[in-house]
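Q: Please find one structure pasted underneath; my questions will follow.
The values are calculated or read from the model by the stated rules, or taken from the named source; none is laboratory data. These figures come from a predicted structure and were not determined experimentally. Every residue, glycine among them, receives a Cβ derived from its backbone with ideal geometry; neighbour counts consider all protein chains shown. Heads up: the accessible areas ignore ligands, DNA and RNA and are worked out on the full protein's heavy atoms, side chains in. Shrake-Rupley method; radii C 1.70, N 1.55, O 1.52, S 1.80 Å.
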Amino acid sequence: MMNILVLIKQVPASNKVEVDPVTGVLKRNGAASKMNPYDLFTIETALQLREAVGGEVSVMTMGPPQAEKIMREAYSLGVDRGYILSDRAFAGADVLATAYTLAQGIEKAGGFDLILCGKQTTDGDTAQVGPEVAERLGLPSIAGVTSVEPQEGGIVVEMDMGESIQKARLSFPCLVCVDKDVNQPRLPSYRLREATRTREITIWSLADLPDRDKTHYGLDGSATQVQKIFPPTDNRERMNLTGSPDDMAKALAGKLRDLKFVR
């Protein structure tokens, strides 16, 4: 039996999202959203482990009340229980404050053998929240995981290290960040969606967490803050060369020297 928690996130469904000019954070209210694509691989990993050894799979997210949408989607995939951490005090959190909030929620829920995270989210792309949650909870963690196998008292994982594949064993409790090569996610089930339509989703605010100090959350608890978000400008310079091969080669060499790419 294994008690598994999957950390998931609701992300914008489009790259056309407004940014608050004062805080520098995304305006999520009212924007079309979806489950972070990497979380589908993570949920599938958890479900396969449950099928292999038994137990329960829960999901947790930090976000606005409309995050219920991805909780219902998780239920339609086969997840047993869902938690949403939602409070205005959590808004504008950077990686550090987000990880702290999730760690507080995990402590409140308690009793997980394995915590699973996706490689990264498509809105932030930092790939740091999972490891920072593990650090907050004092748990061993591994990222870049492409294979997870249950073992008595722990798991055996394979990690893609770029030029090699490494294998490691972790004892429970632990946290693992999985990559998209770990499996093929299943499709949502209409039968499960209907069966879980009224299933309870636990929603906790700041007042429900072990640490209720507002300065540890959201913008107040963030060590970093976005100063400005803007699309990159197209500053490519084009040069057309004409003439004989020798003339063009000399002109190109001169331009490279002018740009200090060569001496």
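Q: Which of the residues that make up the range 146-181 are of a type in the set (A, V, I, L, M) and either on the phi > 0 side of the Ramachandran plot or in contact with a Lys or Arg (Cβ under 9 Å, 6 or more places away or on another chain) (or both)? Before the answer, list the steps.
A: Within the range 146-181, the subset of a type in the set (A, V, I, L, M) is 148, 155-157, 159, 161, 165, 168, 170, 175-176, 178.
The answer is ILE155, VAL156, VAL157, MET159, VAL178.
Q: Looking at the range 116-151 only, could you name the residues that are more than 8 Å from the chain's Cα centre (by Cα), under 23 Å from VAL79 (Cα atoms) and either open to solvent by 70 Å² or more (accessible area, probe 1.4 Å) or hydroxyl-bearing (Ser, Thr, Tyr) (or both)?
A: SER141, THR146, SER147, GLU149, GLN151
Q: Scan the range 211-235 for residues that are open to solvent by less than 100 Å² (accessible area, probe 1.4 Å) and of a type in the set (S, T, N, Q) and jot them down.
A: Answer for the range 211-235, where residues must be open to solvent by less than 100 Å² (accessible area, probe 1.4 Å) and of a type in the set (S, T, N, Q): THR215, SER222, THR224.
Q: Give me the pairs: first residue in the range 163-180 and assigned to a strand (DSSP E or B), second residue open to solvent by less than 20 Å² (accessible area, probe 1.4 Å) and among the polar types (S, T, N, Q), beta-carbon distance under 8 Å, and six or more apart or on different chains, which are they?
A: Between residues of the range 163-180 that are assigned to a strand (DSSP E or B) and residues that are open to solvent by less than 20 Å² (accessible area, probe 1.4 Å) and among the polar types (S, T, N, Q), the close pairs are VAL178/THR42; VAL178/THR45.
Q: With the requirement that a residue be at pLDDT 80 or above and part of a loop (DSSP other than H, G, I, E, B), what does the range 210-233 give you? Lay out the reasoning, then the answer.
A: So in the range 210-233, the residues at pLDDT 80 or above come out as 210-224.
Hits for the range 210-233 are PRO210, ASP211, ARG212, ASP213, TYR217, GLY218, LEU219, ASP220, GLY221, SER222, ALA223, THR224.
Q: Determine which single condition PHE41 fails, assuming it passes every other condition in (1) closer than 20 Å to LEU219 by Cβ; (2) open to solvent by 10 Å² or more (accessible area, probe 1.4 Å).
A: (1)
Q: Further question: Listed residues SER205, SER189; which is more than 20 Å from LEU47 (Cβ to Cβ) and surrounded by 14 or more Cβ atoms within 10 Å (Cβ to Cβ)? Talk me through it step by step, then tell me what you get.
A: Values: SER189 fails: more than 20 Å from LEU47 (Cβ to Cβ).
The unique qualifying residue is SER205.
Yes/no per residue for (1) outside any strand (DSSP E or B); (2) modelled with pLDDT under 95:
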position: THR121; (1), (2): yes, yes
position: GLY130; (1), (2): yes, yes
position: GLU135; (1), (2): yes, no
position: GLY144; (1), (2): no, yes
position: VAL157; (1), (2): no, no
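Q: Of the residues that sit in the range 84-100 and are out of contact with any Asp or Glu (no Cβ under 9 Å at 6 or more places or on another chain) and assigned to a helix (DSSP H, G or I), which one is most open to solvent (accessible area, probe 1.4 Å)?
A: By that ranking, first place goes to ARG88.
Q: Being in a helix (DSSP H, G or I), of a type in the set (Val, Ile, Thr) and either modelled with pLDDT of 95 or more or open to solvent by 30 Å² or more (accessible area, probe 1.4 Å) (or both): is that true of THR61 here? Break it down into steps so the answer makes sense when it comes.
A: On the way: in a helix (DSSP H, G or I): no; of a type in the set (Val, Ile, Thr): yes; either modelled with pLDDT of 95 or more or open to solvent by 30 Å² or more (accessible area, probe 1.4 Å) (or both): yes.
Answer is no for this residue.
Q: What do you reckon, is ARG238 assigned to a loop (DSSP other than H, G, I, E, B), under 25 Å from ASP87 (Cβ atoms) and open to solvent by 70 Å² or more (accessible area, probe 1.4 Å)?
A: Details: assigned to a loop (DSSP other than H, G, I, E, B): yes; under 25 Å from ASP87 (Cβ atoms): no; open to solvent by 70 Å² or more (accessible area, probe 1.4 Å): yes.
Criteria not met by ARG238.
Q: Continuing with this model, one more query. Hey, among the residues in the range 110-119 that are of a type outside the set (D, E, K, R) and not in a strand (DSSP E or B), which one's farthest from ILE4 (Cα to Cα)? So that I can check it myself, show each step before the final result.
A: First pass over the range 110-119, keeping only residues of a type outside the set (D, E, K, R): 110-112, 114-118.
Restricting the remaining residues to those that are not in a strand (DSSP E or B) gives 110-112.
Details: GLY110: 11, GLY111: 9, PHE112: 6 Å.
Filtering first and then ranking leaves GLY110.
Q: What is the one condition in (1) within 19 Å of the chain's Cα centre (by Cα); (2) open to solvent by less than 50 Å² (accessible area, probe 1.4 Å) that ARG72 does not satisfy?
A: Going through (1) within 19 Å of the chain's Cα centre (by Cα); (2) open to solvent by less than 50 Å² (accessible area, probe 1.4 Å) one by one, ARG72 breaks only (2).
Q: A further question on this structure: Take VAL53 and tell me if it is over 30 Å from ASP220 (Cα atoms) and either surrounded by fewer than 21 Cβ atoms within 10 Å (Cβ to Cβ) or within 14 Å of the chain's Cα centre (by Cα) (or both). Steps first, answer last, please.
A: Working: over 30 Å from ASP220 (Cα atoms): yes; either surrounded by fewer than 21 Cβ atoms within 10 Å (Cβ to Cβ) or within 14 Å of the chain's Cα centre (by Cα) (or both): yes.
Taking the combined requirement at face value, the residue satisfies it.
Q: Looking at GLU200, GLU194, can you tell me which residue is open to solvent by less than 80 Å² (accessible area, probe 1.4 Å) and among the acidic types (Asp, Glu)?
A: Values: GLU200 fails: open to solvent by less than 80 Å² (accessible area, probe 1.4 Å).
Of GLU200, GLU194, the one residue that is open to solvent by less than 80 Å² (accessible area, probe 1.4 Å) and among the acidic types (Asp, Glu) is GLU194.
Q: Consider the range 155-184. How many of its residues are in contact with a Leu (Cβ under 7 Å, 6 or more places away or on another chain) and surrounded by fewer than 18 Cβ atoms within 10 Å (Cβ to Cβ)?
A: 1
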